[in-house]
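Once you've had a glance at the structure underneath, I'll fire off some questions.
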Amino acid sequence: KIKLDEIKDSNGNLLFKEGDDIDVLFSGVRGEKPIISHKKAKKMIKKEEFINNHKDDLVGIVVSGRVTKKNKGGYIVENSDGIEFFLPRSLSAFKDGAKTDNKEIEAKIIKFDEQNGSIVISRRAVLNEKRKEKQGGSHLTLPKFQLHATSRFRKTCHLTSTLSRTRRKELINLL
C-alpha cells in the first residue's frame, strides 16, 4: 500500500485513477507488508535524469539548494527540483553552532558515487572561488624564499631568493 498523501495534490485530489500505472520505489518489508513510496521513486527518477543530463560534466557543476536535513556526517541539500545532494560537514564551511535548517546555499559537485547514487558537494569550494575572484589581480603568488634573521636580537629579516633586486624590494614592502 502507498500512503495516500503521496499521490494527492495540494488540494487533496488524487493524482491517479484506478488502473493507472505509477512509479514506486520498493524499500523493504515491514512485517509481511512491502514498503513502497511514490515520492521516493519520483526523487530517484529526477536524480537519474539529472545525472544522465550532466553525465560528462557532472563533477564541477555548481548547484543551488536548501539544507533540509542534518546527519552524523554532514547535511542533505535539496535543490528546487527535489534532487538531494550530500554535503559533508568538513566541506560545508559552516561555523559550529550555525543555524543551517532551510539555509539556501551554493555548492560545487565534487564526487559522484555510482554504487549508492550519492552526489557529494562542497560549499567550501564555491566560497574559495568567490574569495579568489574578489582578490582578483591583487593576489600575488610568491616564489619560494627564505627569511634569515640578521641578528638574534633584532626583529629584522633578510630576504634571499633568485628574484631581481627590484622585485625583492617590492616583496619586502608587501611584507
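The values are calculated or read from the model by the stated rules, or taken from the named source; none is laboratory data. Only a predicted model underlies this, so the values are computations on that prediction, with no experimental measurement involved. As a convention, Cβ positions derive from the backbone with ideal geometry for all residues, glycine included, and neighbour counts pool all protein chains shown. Heads up: the accessible areas ignore ligands, DNA and RNA and are worked out on the full protein's heavy atoms, side chains in. Shrake-Rupley method; radii C 1.70, N 1.55, O 1.52, S 1.80 Å.
Is there a residue in region 84-94 that is exposed (fewer than 12 other Cβ atoms within 10 Å of the Cβ), in contact with a strand residue (DSSP E or B) (Cβ under 6 Å, 6 or more places away or on another chain) and farther than 15 Å from residue 124 by Cα? Don't jump to the end; show me each part of the working.
Let us first name the residues in region 84-94 that are exposed (fewer than 12 other Cβ atoms within 10 Å of the Cβ), namely 90.
Subset that is in contact with a strand residue (DSSP E or B) (Cβ under 6 Å, 6 or more places away or on another chain): none.
Within region 84-94 (the criterion being exposed (fewer than 12 other Cβ atoms within 10 Å of the Cβ), in contact with a strand residue (DSSP E or B) (Cβ under 6 Å, 6 or more places away or on another chain) and farther than 15 Å from residue 124 by Cα), the answer is no, since none of the residues qualifies.
Search region 42-51 for residues being among the basic types (Lys, Arg) and open to solvent by 80 Å² or more (accessible area, probe 1.4 Å), and hand back the single one that is farthest from residue 121 (Cα to Cα). Full working, then the answer.
Going through region 42-51, the residues among the basic types (Lys, Arg) turn out to be 42-43, 46-47.
Pick out the ones that are also open to solvent by 80 Å² or more (accessible area, probe 1.4 Å) and you get 42, 46.
Numbers: 42: 21, 46: 17 Å.
Going through the qualifying residues, I end up with 42.
So, residue 166, is that one β-branched (Val, Ile, Thr), surrounded by fewer than 10 Cβ atoms within 10 Å (Cβ to Cβ) and modelled with pLDDT under 90 or not? Outline the logic, then answer.
Details: β-branched (Val, Ile, Thr): yes; surrounded by fewer than 10 Cβ atoms within 10 Å (Cβ to Cβ): yes; modelled with pLDDT under 90: yes.
Judged against the criteria, residue 166 is a match.
Among the numbered criteria (1) in contact (Cβ under 8 Å) with a residue 24 or more places away in the chain; (2) in contact with a Lys or Arg (Cβ under 7 Å, 6 or more places away or on another chain), which one does residue 42 miss?
The number of the failed condition is (2).
Looking at (1) within 13 Å of the chain's Cα centre (by Cα); (2) of a type outside the set (Gly, Ala, Ser); (3) under 26 Å from residue 45 (Cβ atoms); (4) open to solvent by less than 90 Å² (accessible area, probe 1.4 Å), which is the one condition that is false for residue 81?
(1)
Next question. Between 12, 19, which is farther than 22 Å from residue 81 by Cβ, open to solvent by 60 Å² or more (accessible area, probe 1.4 Å) and part of a loop (DSSP other than H, G, I, E, B)? If you could, list the steps in order and put the result at the bottom.
Working: 12 fails: open to solvent by 60 Å² or more (accessible area, probe 1.4 Å).
Every option except 19 fails the conditions.
Could you look through region 52-78, keep only residues that are open to solvent by 70 Å² or more (accessible area, probe 1.4 Å) and of a type in the set (S, T, N, Q), and pick out the one that is farthest from residue 129 (Cα to Cα)? Before the answer, list the steps.
Here is the first cut: in region 52-78, the ones open to solvent by 70 Å² or more (accessible area, probe 1.4 Å) are 52-53, 55-57, 59, 62, 66, 69-70, 72.
Imposing the further condition that a residue be of a type in the set (S, T, N, Q) reduces the set to 52-53.
Numbers: 52: 26, 53: 25 Å.
In this case the residue turns out to be 52.
State which residue is surrounded by the fewest Cβ atoms within 10 Å (Cβ to Cβ) when the search covers only region 22-41 and only residues that are over 25 Å from residue 9 (Cβ atoms) and among the charged types (D, E, K, R).
Ranking the candidates gives 32 first.
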